[in-house]
1. Six or more apart or on different chains, Cβ atoms under 6 Å: show the pairs whose first residue is in the range 92-105 and among the hydroxyl-bearing types (Ser, Thr, Tyr) and whose second is buried (at least 19 other Cβ atoms within 10 Å of the Cβ) and at pLDDT below 95.
2. Taking the options ILE20, ILE67, name whichever one is within 21 Å of the chain's Cα centre (by Cα) and of a type in the set (Val, Ile, Thr).
3. How do the pairs read when you match residues in the range 321-333 that are modelled with pLDDT of 95 or more with residues anywhere that are part of a helix (DSSP H, G or I) and of a type in the set (Asp, Glu), using Cβ under 7 Å and keeping only pairs 6 or more apart or on different chains?
4. Where the second residue is crowded, with 16+ Cβ neighbours inside 10 Å and the first is polar (S, T, N, Q) and lies in the range 57-80, which pairs have Cβ atoms under 7 Å and are six or more apart or on separate chains?
5. Of the numbered conditions (1) farther than 27 Å from SER77 by Cβ; (2) out of contact with any Ser or Thr (no Cβ under 9 Å at 6 or more places or on another chain); (3) at pLDDT below 95; (4) open to solvent by 10 Å² or more (accessible area, probe 1.4 Å), ASN185 satisfies every one except a single condition; which is it?
6. Of the residues PHE62, PHE56, PHE38, PHE42, which is aromatic (Phe, Trp, Tyr), closer than 23 Å to PHE311 by Cα and not in a strand (DSSP E or B)?
7. Could you please find all residues in the range 129-181 being assigned to a loop (DSSP other than H, G, I, E, B) and within 14 Å of LEU406 (Cα to Cα)?
8. Can you pull out every residue in the range 286-305 that is open to solvent by 60 Å² or more (accessible area, probe 1.4 Å) and not in a loop (DSSP other than H, G, I, E, B)?
Amino acid sequence: MIYYNLKDKKEQVDFKTATIKGQGNEKGLFFPTKIPQFEKDFIENLPQFSDEEIAFRCMKDFVGDEIPESIIKEIVSQTINFEIPLKKINDKISVLELFHGPTLAFKDIGARFMSQCLSYFLKDEDKKVTVLVATSGDTGGAVAHGFYKTPGVNVVILYPKNRVSPVQEKQLTALGENISAIEVNGTFDDCQTMVKQAFSDQEINANLFLTSANSINVARWLPQQIYYLLALKQWQKTNNENPVICVPSGNFGNICAGILAHFRGLPVEHFIAACNENDSIPSYLKTQKLEYKNTVATLSNAMDVGHPSNFVRILEIFENQFENLKNTVSGYSINDEQTLKTITDVYTKYGYTLEPHSAVAFTALEKFTEENPDKKGFILGTAHPVKFPDAVEKATNIKIELPESLVDLMNKEKKTVEINADFEELKRILLDKN
C-alpha cells in the first residue's frame with residue numbers, strides 16, 4: 001500500500017515510512033492511495049469468522065508485504081486480546097465497550113497495533129527513536145503502556161495541565177523508564193501544535209529519529225476500523241437492519257476510521273459525530289462553514305479539541321463533496337449540563353453507568369432516534385467510568401471502585417516537567433534528551 005501526503009500529493013511513501021515518519025512535508029497527513037474493499041461474503045457472514053481473522057483481513061491490505069502475514073496475525077491477535085462487547089442499554093441504543101484493555105480506553109487498540117509495527121520496523125535500527133505525542137487524555141496512557149520498556153524507543157508525551165483526569169494523568173506520568181511526560185500550561189490544541197512544529201523543525205529532525213503516536217499516524221488511525229467490524233459481527237446476531245453508529249469525537253480519528261470501513265463495504269445506516277461544547281464540526285455540518293474555534297474545557301476532556309486534525313481525512317474520503325458528507329454524517333454538540341443529566345437518567349432508568357464521553361454520545365444518538373424513530377444503533381463507549389470519578393459520582397451518587405489493575409499505579413509518584421505553551425521550551429527539552 002502506498003500513502004500520499006494530503007498537503008503535498010507528490011510525496012508518496014509505503015506503510016513502513018508512513019508509520020516511522022508520522023506525518024509528511026508541511027505537516028500533512030498520510031492517506032492511502034486506494035481504499036481496499038471488503039469481500040461481500042466476508043461482511044455478510046462476519047459471525048462465522050474469529051475476531052483475529054476479522055482483524056487480520058481488516059489490516060492486511062494497508063500493511064501490504066512490508067510485514068509478513070504471520071507477523072501481522074500475531075500483531076492483530078495481541079492488539080485485540082481483551083473483551084470488546086456490544087451491550088444493549090435500551091431498545092434503541094446499545095454500547096460497544098472499548099475500555100477493557102490495559103489502560104481502560106479505546107486508544108489501547110490503535111496504540112498496541114502501532115507499537116508492535118514500529119518495534120518490527122525498528123528491530124534492525126541502531127538509532128534510538130523518539131515517539132512524540134500530544135494527548136487530551138487517553139492517548140497518552142495508551143501510548144505509554146504500549147511502548148513501556150520497548151528497547152530503542154523513548155516516548156515524550158505532552159498534555160494540558162489540569163485538563164486530564166487523575167487516572168489519565170497517572171497513566172502517563174507514573175511509569176518512568178523510557179516514558180517522559182510534559183505538562184503544558186495551555187490546551188490540547190497548544191500541545192498538538194507544538195508536536196507538529198517539532199516534526200517540521202530541521203534541527204530537531206537532524207538530531208532525533210522522531211515519530212508520532214497520535215491518530216495522525218496511519219498505524220494508530222487505521223486499526224481503529226477493527227472494532228467497527230467486531231461490533232457489526234455482534235450486531236448481526238440480533239438485528240436485521242443496519243446500525244446508526246454514534247462516536248464521541250474530539251480529534252476525529254475514531255469516527256474517520258469507521259467512515260473508512262464504511263467506504264470499504266461495512267454496512268452502516270448513518271454516522272453521528274457526538275461532540276461536547278467544542279462544536280467546530282457540528283457547526284460545519286449545519287452551515288458548510290468550517291471555522292475552527294478556541295478550545296473550551298469540559299467534563300469530557302478527551303474531546304476538548306478546537307481544531308481536529310483528522311477531519312481533513314474525512315473530507316478526503318468524501319472527495320470534499322459536502323452533500324455526500326452531510327448525507328452520511330450528522331453532528332451534535334452536547335453541553336456539560338446535558339452530559340450530567342444523561343449519566344443520571346441512564347443509571348436510574350437502565351442501571352448502566354456512562355462516563356462523560358459516552359454520555360455525550362448517548363445524548364446525541366437519543367436525539368437522532370427521536371428525530372428518526374424507525375432507526376436504532378450503538379454508541380462507542382470509549383473509556384471506563386473510573387477515569388472520570390468526579391462527574392460520574394456527582395451524577396449517580398455511587399462510588400466508582402478503582403479496578404485492581406490501577407491500585408498500584410495510583411500510589412506511584414507523578415513525574416513530569418512543566419512548560420509553557422512555547423515551542424522553544426519543548427525544543428530545548430527534546431534536544432537535551434539526545
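The values are calculated or read from the model by the stated rules, or taken from the named source; none is laboratory data. Remember, predicted model here, so these are calculated numbers, not experimental data. Here the Cβ positions follow ideal geometry from the backbone for every residue, glycine too, while neighbour counts run over all protein chains shown. Just the protein is used for accessible areas: all its heavy atoms, side chains included, with ligands, DNA and RNA removed. Shrake-Rupley method; radii C 1.70, N 1.55, O 1.52, S 1.80 Å.
1. Once the first residue is among the hydroxyl-bearing types (Ser, Thr, Tyr) and sits in the range 92-105, its partners that are buried (at least 19 other Cβ atoms within 10 Å of the Cβ) and at pLDDT below 95 give THR103/GLY141; THR103/ALA142; THR103/HIS145; THR103/GLN171.
2. None of the others qualify; the one that does is ILE20.
3. Filtered contacts from the range 321-333: no entries.
4. Qualifying pairs under 7 Å: SER77/GLU52; GLN78/ARG112; GLN78/GLN116; THR79/ALA55; THR79/ILE109; THR79/ARG112; THR79/PHE113; THR79/PRO223.
5. Only one criterion in (1) farther than 27 Å from SER77 by Cβ; (2) out of contact with any Ser or Thr (no Cβ under 9 Å at 6 or more places or on another chain); (3) at pLDDT below 95; (4) open to solvent by 10 Å² or more (accessible area, probe 1.4 Å) is unmet by ASN185, namely (3).
6. On the way: PHE56 fails: closer than 23 Å to PHE311 by Cα; PHE38 fails: closer than 23 Å to PHE311 by Cα; PHE42 fails: closer than 23 Å to PHE311 by Cα.
Just one listed residue meets the conditions, PHE62.
7. Going residue by residue through the range 129-181, those that are assigned to a loop (DSSP other than H, G, I, E, B) are 135-137, 148-152, 161-165, 174-178.
Listed by number, the residues that qualify are SER165, ALA174, LEU175.
8. Answer for the range 286-305, where residues must be open to solvent by 60 Å² or more (accessible area, probe 1.4 Å) and not in a loop (DSSP other than H, G, I, E, B): LYS286, THR287.
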